[in-house]
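This report concerns only the one structure given below.
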Amino acid sequence: MKYRSNYIWVNGLRTHYLEAGDSPDVLVMIHSGEFSASAEFSWGNNIDSLSSRFHVYCPDLMGFGGSEKIYNFENSNGFRLRQLRGWMDSLGIRRAHFAGNSFSANLLLALAADHQSQQGATLPIDKIVAVSAGYGSNQEVRKALSAYVPDKEGMRSLLKILFHDERWWTDPYLEQRYRSTLELGAWEAIAAARLAPPGKEKPWKGAGASTDHTKIANKVLLVCGEYDELAPPEAAREIQSKIRGSSLHILPNSKHCPHIEQSESFNKIALEFLSE
């Protein structure tokens, strides 16, 4: 791997990010939001290829990966976005294309739709690559994704939701992702989002569940996995029908992380779209 692992202090908080390439054109890639999610697990198979054309940055949001294990109960997404914007300002990133997977794909589309006014932060977004955006009707699958407790069988169940090919459910990949949830504060920072007062239940739809996609003016590439149960092809088609000029690619033999399972196809599609 050619990418570099860096740390920077932003607003007094340790922020970790991966970086590759030296192009003046910047691509910021934001990871998904499940247990063990991180910049490296989300984008490790894509950074090198995309850095052939772009200066690629992949930050770990607060609570994930190598960044500080902190959760904000008042406005978790706004807090992460403000920290992300502070990180960009610290590095002098004035404008960028953005890619997001799952949670972050929905968040980017929501920001583009509401002109970034509801989360207390703005991002200088150009084009958007949204991987596995939208929500399916099977809420039990989403609940199962949020039910992880730190053990290997629990991680196997989680990975079966994310990946179609069984090689992603077994060692060494299984062991790596399981071990990452044993790091100090790693499980707690993600599990905090599940908490609710007694007698109340957290909604199982996350960022961007009420987004009006017709308001998005950015150029958008949607990518979906053929067998995704969390954000199935029909959800992606519905979003695509509402964003003028957007395009959709459904990658075969993949679930919720098609950019990982079909990385070569994804990298080619993303480069073509971002380089237009």
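Within the range 72-91, being surrounded by fewer than 15 Cβ atoms within 10 Å (Cβ to Cβ) and either more than 28 Å from Asp22 (Cα to Cα) or at pLDDT below 95 (or both) holds for Phe73, Glu74, Asn75, Gly78.
With a cut-off of at least 2 residues that are out of contact with any strand residue (DSSP E or B) (no Cβ under 7 Å at 6 or more places or on another chain), name the helices (runs of 4 or more DSSP H) lying wholly within the range 4-95.
Ranges flagged: 76-91.
Scanning the range 147-202 for residues that are of a type in the set (A, V, I, L, M) and in a loop (DSSP other than H, G, I, E, B), we see that the one that is surrounded by the fewest Cβ atoms within 10 Å (Cβ to Cβ) is Leu184. Within the range 45-71, being crowded, with 18+ Cβ neighbours inside 10 Å and basic (Lys, Arg) holds for one residue alone: Lys69. Out of contact with any Asp or Glu (no Cβ under 9 Å at 6 or more places or on another chain) and at pLDDT 95 or above, is that true of Arg94? It is false that Arg94 is out of contact with any Asp or Glu (no Cβ under 9 Å at 6 or more places or on another chain) and at pLDDT 95 or above. Quick check on Ala192: is it among the aliphatic types (A, V, I, L, M), within 29 Å of Ala270 (Cα to Cα) and modelled with pLDDT under 95? For Ala192, the condition - among the aliphatic types (A, V, I, L, M), within 29 Å of Ala270 (Cα to Cα) and modelled with pLDDT under 95 - is not met. No other residue among Lys242, Lys215 is basic (Lys, Arg), surrounded by 12 or more Cβ atoms within 10 Å (Cβ to Cβ) and in contact (Cβ under 8 Å) with a residue 60 or more places away in the chain apart from Lys215. Of all residues assigned to the range 114-126, at least one qualifies as being part of a strand (DSSP E or B) and either farther than 26 Å from Leu230 by Cβ or among the hydrophobic types (A, V, I, L, M, F, W, C) (or both).
The values are calculated or read from the model by the stated rules, or taken from the named source; none is laboratory data. Only a predicted model underlies this, so the values are computations on that prediction, with no experimental measurement involved. Neighbour counts run over all protein chains shown; Cβ positions are idealised from the backbone, glycine included.
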